Structures are given as structure tokens and as C-alpha cells.
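What follows is calculated from the coordinates using simple rules that are stated; it is not laboratory data. Small disclaimer: the values here were computed from a predicted structure and weren't measured. Here Cβ is always computed from backbone atoms with ideal geometry, including for glycine, and neighbour counts include all displayed protein chains.
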Amino acid sequence: MRILVTGGAGFIGSNFLNMFVPRYPEHSFVCFDKLTYAGNPLSLTGIDSAKNFSLEVADIADGDVVNRIFGDFRPDLVVHFAAESHVDRSIHDPGAFVRTNVVGTMQLLNAARALWKDPSSSTARFHHVSTDEVYGSLREEGAFTEDSRYDPSSPYAASKASSDHLVRAFHRTYGLPITITNCSNNYGPRQAPEKLIPLTILNALEGRELPVYGSGGNCRDWLYVDDHCEAIWKVIECGQVGQTYNVGGNEERTNIDVVRALCELVAQQTGRSAADVLGLIRFVEDRPGHDWRYAVDSSKLKRELGWEPTLRFAEGLARTLAWYIANPAWVKAVQAGEHQKWLEKNYDRRLRTANDGRTNS
Ligand code: NAD
Ligand code: TYD
């Protein structure tokens, strides 16, 4: 197969490529990535000299470029990760999310449709990687199924919901062979430190404050990134065209529990006292429109395709921390990036407006 992986220099895409480029030397992979602040070429160093891999630095929202890449590479399979992915950024600049996540997805769908002229007689596939955030927020009970109503809260979630609708519409209207996965929060190596887990790890290692939004009671379901990549591969290989599959880790945790667990792990790894590290926690101003709880019912994926998560949360967190400690060059490069300035500006804003800056001890 010729496999086009959009957003392959980002967190999940780079883990996907690092897993499958060496595993499948008979397939060729092109990473199509704009290398925004979230796209890191250092995340691809393990595979960048592989014979079956190449990188195209380009923008999925630019139709001419998309058509050129589809014409040159003629993919049989598109795995579409590329997106603006951070909820907090989407609150500040929704337009960038509409451009990449909605317009960019449409450009890819148009190009796939033009290339795969007779989809019914081909083995082509467009796999769209999406999020459980399209379903909105849960209270204390229940879990999202594939039939849950779309009810996105943030501009990020709304733009992903919109892209899901476009992907489905291209299937129903033009017969484009698509599959979609909607996954819960991922964690693991190579995630940019603007998201909760890598931010907490790096700040704790550096003795910086650990911002927890609101009460810290918001709840997320966590899935180790390798398990997500295996689920995507399973859907590509065995999933039914036109279907959506939810992917979750069955590991629900409140944010404050995640941050405390990381503090304990950092203390163990560095020989500092747990009380010192826990003392870095700061409850700060809540995120506007902050979804309370996500939980994912992935029984369809288990029942139909036999996929289940393999790594428990405690082990995944320890592995993730070990990766950040073992990869200072990656961390340094990311921290020198433009996103770090953004992070500091917003982090300071939250601390300034925090209720009372109380610490958690
Ligand atoms: P990320 O932000 O780490 O990576 C996104 C990648 O897309 C980056 O390499 C970036 O350079 C690239 N990109 C952004 N705009 C682009 C453009 N216009 N053209 C080409 N490339 C562009 O994101 P991630 O966490 O790896 O998420 C990947 C996908 O998985 C996204 O679609 C996201 O919605 C979805 N998802 C993420 C999570 C999660 O917890 N991270 C959970 C469920 C679903
Ligand atoms: P995040 O990693 O941004 O993922 P998402 O918003 O897609 O779930 O945030 C995970 C949770 O952690 C979310 O409820 C917001 C919260 N959070 C904090 O409390 N502090 C932080 O510094 C960050 C980045 C997130």
C-alpha cells in the first residue's frame, strides 16, 4: 500500500509512523505535515532514513498542494491525523481550527474523490482520526456510544465535529470509502507540553507550578497512544467501510488525580519529597465551556474487531515520564519553539486571575 499520513509529525501521527514504518517495510509511507508548532521533525528521527518513508512539508488547507501530493504519490490509504488540536488555543483563535480541521479535511476529501474515481472497485480507504469531544460533556453517569448525539462545546470540538460530518457526507453522497475513529484523551511519548500530562511532567521536573483548571474534578478517559495506533490499524484492516468506531481506555480519572499521580512518580524518580512536588499544584481559573466528563464505550470495536487497550494507566504514566526524562534534546527543542511563548503568556494570565492561588497540600 501507499499510505499518506497527514499530521504525521504531531503526537499521535509520529507514534503511528514510528510503529508502522518499521513493521511494514512492504508499504510506503508519506508524512504530509505543515510542521506547525505541534509538528516536530525530531519525533521522526527513528524512521527518517527508512527507505519506505518520506516527509512532505505542506498545508492540507491548500487545495493545489493537496492535489499535487495526491497526484505524485497516488495513495491507496489516507490516515488523516492533521489538525489544530488544543482546546485552549481554539478558544483564542477559532479561525485557525476551521481552516485546518474543516477546510483542510474537505481539500483532502476532494483530492481522494478525484483520485479514486471508482471507489466501489478499489481497495482505497480514507481513515479519519477524530475525538470523543464531538459528543460534548457527560455528568457523572454513562459513556459515549457511536450513536451519541453530537454536541461539541469548544471551537476545537466543533471543528472536529464538522470534519466528521464532511467525511460521512462524502461517503453517503459520493461513495467515498471512509472509516472514522472517535478516541478519548491520549497520552505517551512525543506529546507537545501544552497538554495536561506532558505539561505537568515537565513543570514538575523543572520545579515549576502545576496549573489545574477550576476544581480539578473534571474527568477524562485516558488511552496510551500505542493502543490508539493499534486500534486505528485494526479499523483500517478489518473495519467496515462507512462505519464509525469509538476508542477508549476504560481509565477514567479526575484531573487532580492525574496531576497528583504524576507528582508522586516525579518524586520517586528524582528523589525529591512527594510533599515538595505536590506543593507545586495551583488551582487556576477554569477553562470557559470546560467539559465536565468524557467516558467512551468502545464495546463495538471489541465485539466486531477484537480490539482492547493493553496498557493500564499507572504503567503508561510511568512509561511516559521515563520517556520525557530520557529525551532531553526533544524537550529542549520543543521548549525553544514559538508555542512556549504562547504557553507562558496564557499560563501567567491564569495564575494572575486565579481565585486565590491556593496551593494543594
Ligand atoms: P498534534 O497537535 O500533536 O499534531 C497535529 C499535527 O498536524 C502536527 O504535526 C501539525 O504540524 C499538523 N498540522 C496542523 N495543521 C496542519 C495543516 N494545516 N496542514 C498539515 N499539517 C498540519 O495532534 P495529536 O494530538 O497528534 O492529534 C492528532 C489527531 O488525533 C487530531 O486530528 C486530533 O483531533 C485527534 N485526537 C487527538 C487526541 C489526543 O488526545 N491528542 C484524542 C482523540 C483524537
Ligand atoms: P488537555 O490535555 O488540554 O486535553 P482536553 O482538553 O482535550 O481534554 O486537558 C485535559 C484536562 O486537563 C482538561 O480537563 C483541562 C485540564 N487541564 C488543566 O487542568 N491544566 C492544564 O494546564 C491543562 C493544559 C489542562
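Once backbone amide H atoms are built at 1.01 Å from N, Gly242 has Ile178, Thr179 as its partners under 5 Å, excluding neighbours fewer than 5 places away on the same chain.
Classified by the C-alpha gyration tensor, the stretch 260-330 has an oblate form. Its axis ratio a/c, with a ≥ b ≥ c, is 1.5 or above, and a/b does not exceed b/c.
Using θ = phi - 60° in the Karplus curve 6.51 cos²θ - 1.76 cosθ + 1.60, the 3J(HN,Hα) couplings for the stretch 26-36 round to 6, 9, 10, 10, 10, 8, 10, 9, 7, 6, 6 Hz; x is entered for Gly and Pro. Its DSSP H runs of at least 4 residues, each contributing -39,500 (n - 2.57), put the calculated 222 nm mean residue ellipticity of the chain at -13000 deg cm²/dmol, to the nearest 500. If you add up the charges near Val167, with Lys and Arg at +1 and Asp and Glu at -1, over every other residue whose beta carbon is less than 12 angstrom from its beta carbon, what do you get? Net charge in that neighbourhood comes out at +4. Dipole magnitude for the chain: about 320 debye, using +1 per Lys or Arg Cβ and -1 per Asp or Glu Cβ, origin at the Cα centre. Restricting the stretch 169-212 to trypsin sites (Lys or Arg not before Pro) that sit in a DSSP loop and have at most 16 other Cβ atoms within 10 Å of their own Cβ leaves Arg208. Contact order, relative form, for the chain: 17 percent (alpha carbon pairs under 8 Å, 6 or more residues apart, mean separation divided by residue count).
Rounded to the nearest whole Hz, the Karplus-based 3J(HN,Hα) values (6.51 cos²θ - 1.76 cosθ + 1.60, θ = phi - 60°) of the stretch 69-75 follow the sequence 5, 5, x, 5, 8, 6, x, with x at glycine and proline.
Peptides 80-89, 55-64, ordered by how many other C-beta atoms sit within 10 Å of their residues on average, highest first, read 80-89, 55-64. Considering only Cα-Cα distances, which of the following residue pairs are longer than 25 Å: Lys51/Lys302; Lys160/Lys234; Lys34/Lys117; Lys34/Lys332? Listed pairs above 25 Å: Lys51/Lys302; Lys34/Lys117. Among Ala169, Pro152, Val212, whose Cα sits farthest toward the positive end of the charge dipole of the stretch 149-217 (+1 at Cβ of Lys/Arg, -1 at Cβ of Asp/Glu, about the Cα centre)? Of Ala169, Pro152, Val212, it is Ala169. Between amide H atoms placed 1.01 Å from N, distances below 5 Å from Thr131 occur with Cys183, all of them 5 or more places distant or on a separate chain.
Over all projection directions, the Cα-based convex hull of the chain averages an area of 17.0 nm².
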